[in-house]
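The values are calculated or read from the model by the stated rules, or taken from the named source; none is laboratory data. Given the structure is predicted, the values throughout are model-derived calculations rather than measurements. Cβ placement follows ideal geometry from the backbone for every residue including glycine, while neighbour counts extend to all protein chains displayed.
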Amino acid sequence: MTSARLTDQRLLVLHTLRLRGFVDRDTVAQRTGVDAATVAELLEQARADGHVVERSGRISGWILTPDGRAAHAGLLADELAERGCRSEVELANESFLALNEPFKEICTRWQLRPDGSPNDHGDAAYDAAVVADLGGLHPQAVAVTAGLAELLPRFGHYETGFTEALARLRNGDTRALAAPLAASYHDYWMELHQDLLSTLGRERSTADGH
């Protein structure tokens, strides 16, 4: 295997940890498409480099160290420079931010009724209107990620994630819009937000919203 290929896979592995925070090895393999044996090898090398640590217990997984975050940021910067697509990612980020406030409003309406009471999802017409609004926003979100995926293929999984979450929501899974850690639309939205910020080498600011 070429060193360039290993470098690409190393980036994918570290990137998954950066976006997900605390991840087990099988999830890293699933999310990156890198075979489990190579993921194990890359994680062990990253541990030797001081870039990741493994935590064991009731829930086991891997997490980046501060040095690992710095190494990951360097790999992303190199990738962006090599692909020569910073301006395109900047435009994609602007398009995302234009959708961010409308999406937050959709999530708020899903969780709360207009009077501020919790939405118990007993009003089918109310829920249907919120789902319809998400359906209207969905093509725009997918357009952002599809354009990015042509430049940086690692953005390709967001379209699948968003589309599957919307399908579950339309089929009656009330957790599929905004529930945390449920492969919800909101989960993928937050991950995409962080992905854009990390790719551009930025920290979250008030201009970025949530």
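Here Pro102 clears all of (1) touching an Asp or Glu at 6+ places or on another chain (Cβ under 9 Å); (2) over 23 Å from Arg202 (Cα atoms); (3) in the same structural domain as Gly147 (by TED's automatic domain parsing) except the condition numbered (2).
Among the residues of the stretch 6-47, those identified as of a type in the set (Ser, Thr, Tyr) and closer than 20 Å to Leu197 by Cα are Thr16, Thr32. Screening Arg113, Arg154, Arg170, Arg109 for residues that are within 24 Å of Thr32 (Cβ to Cβ) and either charged (D, E, K, R) or exposed (fewer than 12 other Cβ atoms within 10 Å of the Cβ) (or both) leaves exactly one candidate, Arg154. In the stretch 45-59, the condition of being in contact (Cβ under 8 Å) with a residue 40 or more places away in the chain and either within 18 Å of the chain's Cα centre (by Cα) or under 20 Å from Glu191 (Cβ atoms) (or both) is met by no residue. Note on the stretch 100-210: enclosed helices (runs of 4 or more DSSP H) holding 2 or more residues that are acidic (Asp, Glu) are 124-151, 157-170, 185-199.
Applying a threshold of 7 Å to beta carbon distances and a minimum spacing of six or more residues, or different chains, the list of pairs starting in the stretch 101-129 at a residue that is on the phi < 0 side of the Ramachandran plot and among the hydrophobic types (A, V, I, L, M, F, W, C) and ending at one that is exposed (fewer than 12 other Cβ atoms within 10 Å of the Cβ) and outside any helix (DSSP H, G or I) reads Leu112/Pro118.
Taking the criterion of being surrounded by fewer than 21 Cβ atoms within 10 Å (Cβ to Cβ) and among the aliphatic types (A, V, I, L, M), the residues of the stretch 179-195 that qualify are Ala179, Leu181, Ala182, Ala183, Met190. The residues in the stretch 60-73 that are in contact (Cβ under 8 Å) with a residue 24 or more places away in the chain and either part of a helix (DSSP H, G or I) or farther than 13 Å from Thr16 by Cβ (or both) can be counted, and the count is 6. The combined condition, being at pLDDT below 95 and either within 26 Å of Asp8 (Cβ to Cβ) or in the same structural domain as Ala176 (by TED's automatic domain parsing) (or both), is not fulfilled by Glu90.
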